[in-house]
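Here the structure comes first, spelled out in structure tokens, and everything after it is commentary.
The values are calculated or read from the model by the stated rules, or taken from the named source; none is laboratory data. Every value quoted in this text rests on a predicted model; they were computed, and no experiment measured them. As a convention, Cβ positions derive from the backbone with ideal geometry for all residues, glycine included, and neighbour counts pool all protein chains shown. Each accessible area value is taken on the protein alone, full model and side chains, heavy atoms only, with ligands, DNA and RNA left out. Shrake-Rupley method; radii C 1.70, N 1.55, O 1.52, S 1.80 Å.
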Amino acid sequence: MTGETYQLPKNYRSYDEIIHFNNNFFQNSSSILENPEYQVFFKAGNLQETNNKDGGYVELSFLPEEDDKAYALKVMDAIGHSLESGFDYGDICIVVRKKKHAVALTDFLMSQSIPVVSSDSLLLSSSPKVQFLISLARFSLISDYKETNYKIPEYLSETKEERHDFVHTHLTELNLFLKSEYDFDIDKVRGQSLLDFMEHAIKVFDLAPDSDAHLLSFMDFVFDTEQQNGSDFHALLNNWELKSNTLSISTPENTSAVLVVTIHKSKGLEFPVVIFPYANSNIFEEIDPKLWIPVDPKIFMGFDELLISKKQEVKNYGEIGNALFEMEQQKLQLDAFNLLYVALTRAIHSLYIISYYDIKKDGTLKTDYYSGLFLKYLKDIGAWRDGVLEYKFGKERKYFTPEGKEEKRFTVPYLYSYKDRETFKIHTKAGMLWDTNREIALEQGNVYHHILENISTVHDLEPVLDKALKKGLVTESSYGKVRETLFNLIQHPKLEEYFQEDNIVYNERELLLSDGSSLIPDRVVLKEDAVIIIDYKTGKKSPKYKEQLESYANAYEEMGFKVENKIIAYINKHIIVEYI
């Protein structure tokens, strides 16, 4: 089967003016591509028809000076124009090529009280509260290491006038300070589970007066770590070191905040308003580029290729070197054009392109930069005017929020699960068993089965019973009766040999049958090539119990084992052992 390529005839995303601009711009700029095939590709791919969405707006501007503040201020202007046109913060997306530009713009917008989210601001590690909790975890392990403990009073000093004095005063006796001021006794909470430790800290330090997405996601991380590694603070901190650069919160699509993303992360997305600042990338920019070049194995110790630095001098390494260098340059150029295409085609209603007026000393254009491509386009269509640095295509129109777009939003308070709160009560299984109709519940055998599942030899009885008492499976008042019953079972003359230490025992071990079904015998004792199958029952005898035991036996016989004994042990007022 051979694949065929089809060009999508219509752009169903953008309004007409944006489609016209991109078609014309890339048709014009494709001539810069050095590879003829790539030229054809871009010309053919930018003949898209409109979708009868009249309107749309494109603003192409050039800064006289290039610096972060100039770009940030121009972005603020674009945001202001968009809000005046009826758009919401959540309708606006800022796309940039480099991560450092995203960080700079995010910091600036936040300083101007503009609601903004970005891939970096969504990281759990960006939350001071999360970092504070991590510092507390480190403090629980090493309480006298000032370099890491410093972050604790530093966070608590945020509302203090003399922060330096506050930190200096309390850093030396930090444990005493936390205990007296916040009722956070590190010696007491050190023995708690990870989840309880963090919940207690969130409560006493009042970290969640309202809902906090970073804290909620962090507690999910703590829970997952505890499930995998238990209450191990070392494991938590190691896991954090490995994942802190990637752990992030997810935001709902209707979040009313400006989104800042890199071009790569914007692929496949669309936004009512797109602002593209720093639109002056060097098309051929690379960081320490390398190139594989073929060599003579006889000269280079059997190697037929070498990895070398990609420099202009490679063009002098014969025809092959020159061809490889030019091929890589053409690919680099194509990648830059593809990124530019993604950036300019995300917009639905409005597109703001913010570039830099950058030309050579002799006045010629730098077409190896995005700015040169934009300047070339304006000159070629006769739109360029000396001294004019802002060009508009289409007209800004008032955008009315569709009915039903705005939704009611509710703040969900942080729900504590720490065990010291007054409303926390343990609902034990023992309470269910022994408060009412205790003998009936006991006869059901649930407790006995659970305890016997964890007993291999007679020596396991006491520790397993103690655990059952702590978990609430049995109460102190019923402990003696349960112990006596199980002791009588294990020491029964017909069973005691199967609870000795030299046995190989499988409790509640699942058997997978050839038809895909499974069986789970209560206890199987393995002796060389023979097995003894024991099933525990409560209540009256029943023929179905024997049928069940036979099915276990048949399964083991199919696996090649000899079934030595099949036993049903009835656990009631008296222990009755029946060999089948």
Between rounded, prolate and oblate, where does the range 461-565 land on the alpha carbon gyration tensor, with a ≥ b ≥ c its root eigenvalues, rounded for a/c under 1.5, else prolate if a/b exceeds b/c? prolate
Jot down the radius of gyration and Dmax of the range 141-298, Cα atoms only, both in angstrom. 23.4, 77
Ratio Rg/Rh [Cα only; Rh per Kirkwood] for the range 131-215: 0.94
Long-range HN-HN contacts of Thr262 with modeled amide H, under 5 Å: Val96
Per residue, how much accessible surface does the chain expose to a 1.4 Å probe? Answer in Å², no decimals. 57 Å²
Between Met110 and Asn52, what is the FRET efficiency for a Förster distance of 41 Å, r being their Cβ-Cβ separation, to the nearest 0.05? 0.55
Take Lys379 and Ser143, extend 7 Å from each Cα along the Cα→Cβ direction, and tell me the distance between the two endpoints in nm. 7.3 nm
Which chymotrypsin sites (Phe, Trp or Tyr not before Pro) does the range 86-181 hold that lie in a coil by DSSP with at most 11 other beta carbons within 10 Å? Tyr145
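Could you work out the local net charge near Leu242, counting Lys and Arg as +1, Asp and Glu as -1, over the other residues with Cβ closer than 15 Å to its Cβ?
That works out to -2.
Nearest 0.05, what FRET efficiency do Leu307 and Lys361 give at R0 = 45 Å with Cβ-Cβ as r? Intermediate results must be reported in sequence, preceding the final value.
On the way: r = 37 Å, r/R0 = 0.82.
Plugging the Cβ-Cβ distance into 1/(1 + (r/R0)^6) gives 0.75.
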Given 0.36 nm per residue, what is the gain on full extension from Phe284 to Asp529 after removing their alpha carbon distance, in nm? 81.0 nm
Inter-label distance, nm, simple model (7 Å from Cα along the C-beta direction), Glu84/Gln491: 9.3 nm
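Using DSSP H assignments, which helices in the chain have an axial alpha-carbon span of 27 Å or above and a mean Kyte-Doolittle hydropathy of -0.5 or higher?
Helices meeting the span and hydropathy rule in the chain are 318-344.
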Given a 1.4 Å probe and heavy atoms of the protein chains only, how would you sort Ile263, Ile575, largest accessible area at the top? Ile575, Ile263
Expected 222 nm ellipticity per residue - DSSP helices of 4 or more, -39500 (n - 2.57), all of the chain, to 500: -12500 deg cm²/dmol
FRET efficiency, 1/(1 + (r/R0)^6) with R0 60 Å, evaluated for His234 and Glu578 via beta carbons: 0.70
Can you give the accessible area of Met327, probe radius 1.4 Å, in Å² rounded to 10? 90 Å²
Semi-axes of the range 14-82 from the Cα gyration tensor (sqrt of 5 times each eigenvalue, largest first, whole Å) come to 28, 20, 7
Report the extension gain between Glu326 and Glu501 in nm, rounded to one decimal, defined as 0.36 nm multiplied by the number of residues separating them, less their alpha carbon distance. 55.4 nm
Among Lys100, Lys361, Lys310, what's the order by accessible area (1.4 angstrom probe), most exposed first? Lys361, Lys100, Lys310
Could you tell me what percent of the DSSP beta bridges with both partners in the chain are antiparallel, to the nearest 5? 50 percent
Return the long-range amide H neighbours of Arg523 (sequence gap of 5 or more, or a different chain), with a cut-off of under 5 Å between placed amide H atoms. Glu508, Ile534
If you average 1/r over every pair of different alpha-carbon atoms in the chain and take one over that average, what Kirkwood value in Å do you get? 31.6 Å
Sorted by chain and then number, the residues having a modelled amide H within less than 5 Å of the amide H of Thr538, at least 5 places away or on another chain, are Ile571
